[in-house]
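The values are calculated or read from the model by the stated rules, or taken from the named source; none is laboratory data. Everything numeric here is computed off the predicted structure, so don't read it as measured data. Heads up, the Cβs are rebuilt from the backbone with ideal geometry, glycines too, and the neighbour counts pull from every protein chain shown. Surface areas here come from the heavy atoms of the whole protein model, side chains and all, with no ligands, DNA or RNA. Shrake-Rupley method; radii C 1.70, N 1.55, O 1.52, S 1.80 Å.
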Amino acid sequence: MERKKITIPDLLKMKQQGIKITMLTAYDYPLASIIDAAGVDMILVGDSVGNVVLGYESTIPVTMDEMIHHTKAVRRGTKFAFLVGDMPFMSFNVSPEDTISNAGRFIKEAGADAVKLEGGGTDVIRMVKAVVGAGIPVMGHLGLTPQTATMLGGLKAQGKDEGAARKILEQALALEAAGCFSIVFECIPAKLAELISKKLKITAIGIGAGPACDGQVLVTHDMLGLYGRFVPKFVKQYVDLSGQISAGIIKYIEEVRGEQFPGVEHVFNMDEKKLKELKN
Ligand code: KIV
């Protein structure tokens, strides 16, 4: 069957039909091309680029220009997946005008299909309404929101008691009412995620939120074993790419030092006569 580009109605249809949605992060052309060709439904250019690619301690320092640069590269490698650009810290917190203009850059300059922004408080809801009103699809992000982790008491699971769980549920419904087409739920109890996913008409995408969400997202560098500094409990590592890359590099060093590389098959030859002339 011919593959078509995924749209928001396709994602909603998948929820209605009980087909799980897959989402992964990408930050550059080669990984985006591989992820897209493998058949993932959604690609997120996450501000996790700050941790796993740029080497920052957190996502806080990531700038709009860095996000646009990475999203452009991912766009070039993405043909079919629905592409979401993650709005970095302080790009959606100043004013609705500033937020619309930053969200617009993801769509106009970088070619994203939608933007994602963290939080569900009154101010964020105002920003979501402004961006949706400007015609830009918005994905919400609730539970553990790394940009404001300090206010949440650190990078830990959220919504474990009744009051906190109710707040997440209410914020989810408010984000839906404000026009979000989907919401990411990060590090919340599986039963809470199940309850919210059932209440929402829009798609609920989980990360550390159990199996009942409408779909799952992971940071690709975590699931491929490319980022070892911190591996959260909810990550399943499918491949040990760091180990494989490291083994390849060690072999290269050995072969260069042992003069096994380059071999005859890697060498360009020249005419013996011309070489003789050169030597004379
Ligand atoms: O930045 C990111 O990669 C994210 C995911 C963890 C959902 O927001």
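Quick notes on this structure:
- Taking a Cβ cut-off of under 15 Å around ASP271, the surrounding Lys, Arg, Asp and Glu residues balance to a net charge of +2, with basic ones at +1 and acidic ones at -1.
- Rg ratio (alpha-carbon, reference 2.2 N^0.38 Å) - segment 77-160: 1.13
- Protection proxy ranking, highest mean first, for peptides 232-245, 138-151: 138-151, 232-245, where packing is the per-residue count of other beta-carbon atoms within 10 Å, averaged.
- Å² of accessible area per residue within segment 176-228, as computed with a 1.4 Å probe and no ligands counted: 33 Å²
- Scalar couplings 3J(HN,Hα) for segment 177-191, obtained by applying the Karplus form with A = 6.51, B = -1.76, C = 1.60 to θ = phi - 60°, are 5, 6, x, 4, 8, 6, 9, 8, 10, 10, 6, 10, x, 4, 5 Hz; x denotes Gly and Pro.
- Database remark: amide H of ILE21 closer than 5 angstrom to the amide H of GLY215, GLN216 (H placed geometrically; neighbours at sequence offset of 5 or more, or on other chains; Pro and chain starts carry no H).
- Set LYS5/LYS191; LYS13/LYS116; LYS4/LYS236; LYS15/LYS72; LYS72/LYS108 screened for pairs whose C-alpha atoms are more than 22 Å apart: LYS5/LYS191; LYS4/LYS236; LYS15/LYS72
- Inverting the pair-averaged 1/r between distinct Cα atoms of the chain gives 20.4 Å as its Kirkwood hydrodynamic radius.
- Calculated FRET efficiency, LEU275 to ALA37, Cβ-Cβ distance, R0 = 41 Å: about 0.35 to the nearest 0.05.
- Counting only protein heavy atoms and a probe of 1.4 Å, the accessible surface of the chain is 59% carbon and sulfur.
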